[in-house]
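To keep things clear, I will list the structure first and then write my remarks on it.
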Amino acid sequence: MPKYSPNQKVKCLHCQTVVMFIPPEGKTYWMNASGTDERIRITTCQCPNCGRVIATIERLEPVRDVGLVSRSEHVVWPMSSGRSPAPPEVPSQIANDFEEAGLVLPFSPKASAALSRRCLQSVLRDAGKTKYKDLSRQIDEVLPNLPAYIAENLDAVRNIGNFASHEQKSKLSGSILDVEPGEADWNLDVLESLFDFYYARPEIERKKRENLNEKLKEAGKPTLKTPTPPEDNSEVTNGSG
């Protein structure tokens with residue numbers, strides 16, 4: 001049975017709410033592939049929260065003593081990666097690259113990985129304030145400033161992507177190159193963690209402090225002091241090494 005079908009409980013690709021899907025005004029369609037025993041099943045379901053429809057197409061083959069077995073399944077509407085969108089605090093160009101990397105993943109992991117590597121470099125430059133041009137060196141530069149769980153996952157981008165054998169992934173991050181199993185998905189997972197750490201979480205904490213300061217003002221008490229960021233005495237150049 002398709003992941004998105006009536007009576008299945010998953011996250012809606014439209015409103016991002018976990019719901020039990022309901023049958024829409026329509027039905028499941030079956031088609032026989034000409035000259036083969038393949039069958040194509042098109043299934044639609046409706047979100048009870050937002051009312052919008054999701055459609056999937058599934059290829060099935062008969063297996064002796066088993067029956068029809070699903071060989072592949074794709075969501076054909078809406079065009080979605082199934083991932084939550086980037087937080088609104090993420091710059092639009094970075095968010096667009098992330099969304100596109102997710103959308104093309106089922107069709108071209110190579111293209112998805114190229115987009116996500118480029119997106120990763122943009123994040124490390126914009127929020128991580130890296131000075132190197134090389135992605136591998138950028139990763140090294142930010143690792144000490146990240147929580148351990150994010151640092152370990154970011155470092156794994158190089159290992160899973162086999163940067164040692166594909167130096168272009170680091171030096172020319174947007175190149176379309178062969179990918180390792182799980183590489184493209186992993187890049188997107190790491191980006192989601194970085195979005196939360198660099199963009200979403202600081203804004204949440206800023207609003208908390210802002211609310212607390214309002215309460216302190218109302219009580220006639222001193223507001224919180226804003227810490228002065230340390231001076232950057234780094235002598236790292238913007239060169240290749």
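Would you mind listing the strands (runs of 3 or more DSSP E) fully within region 16-96 where at least 2 residues are modelled with pLDDT of 80 or more?
On the way: elements: 18-20, 29-32, 39-46, 53-63, 67-77.
Per the criteria, 18-20, 39-46, 53-63, 67-77.
Here are some residues: 104, 90. Which one is closer than 21 Å to residue 161 by Cα, within 13 Å of the chain's Cα centre (by Cα) and among the β-branched types (Val, Ile, Thr)? If you could, list the steps in order and put the result at the bottom.
Details: 90 fails: closer than 21 Å to residue 161 by Cα.
Going through 104, 90 in turn, the sole match is 104.
Could you list, in sequence order, the residues of region 97-107 that are assigned to a helix (DSSP H, G or I) and either of a type in the set (Lys, Arg) or touching a residue at least 40 places away in the same chain (Cβ under 8 Å) (or both)? First the steps, then the outcome.
As a first pass, look at region 97-107 and keep what is assigned to a helix (DSSP H, G or I): 97-104.
Hits for region 97-107 are 98, 101, 102.
For region 104-114, name all the residues that are out of contact with any Leu (no Cβ under 9 Å at 6 or more places or on another chain) and either closer than 15 Å to residue 193 by Cα or surrounded by 18 or more Cβ atoms within 10 Å (Cβ to Cβ) (or both). Walk me through how you get there before you give the answer.
Step one: list which residues in region 104-114 are out of contact with any Leu (no Cβ under 9 Å at 6 or more places or on another chain), which gives 106-109.
Correct list: 109 only.
For residue 203, all conditions in the list (1) exposed (fewer than 13 other Cβ atoms within 10 Å of the Cβ); (2) without any contact (Cβ under 8 Å) to a residue 60 or more places away in the chain; (3) under 19 Å from residue 123 (Cβ atoms) hold save one; what is the number of the exception?
Result: residue 203 passes all but (2).
Between 176, 160, which is over 20 Å from residue 87 (Cβ atoms), surrounded by 15 or more Cβ atoms within 10 Å (Cβ to Cβ) and in the same structural domain as residue 108 (by TED's automatic domain parsing)? Talk me through it step by step, then tell me what you get.
Working: 176 fails: surrounded by 15 or more Cβ atoms within 10 Å (Cβ to Cβ).
Answer to the check: 160.
The values are calculated or read from the model by the stated rules, or taken from the named source; none is laboratory data. Every value quoted in this text rests on a predicted model; they were computed, and no experiment measured them. Virtual Cβ from ideal backbone geometry, glycine too; neighbours counted across all protein chains shown.
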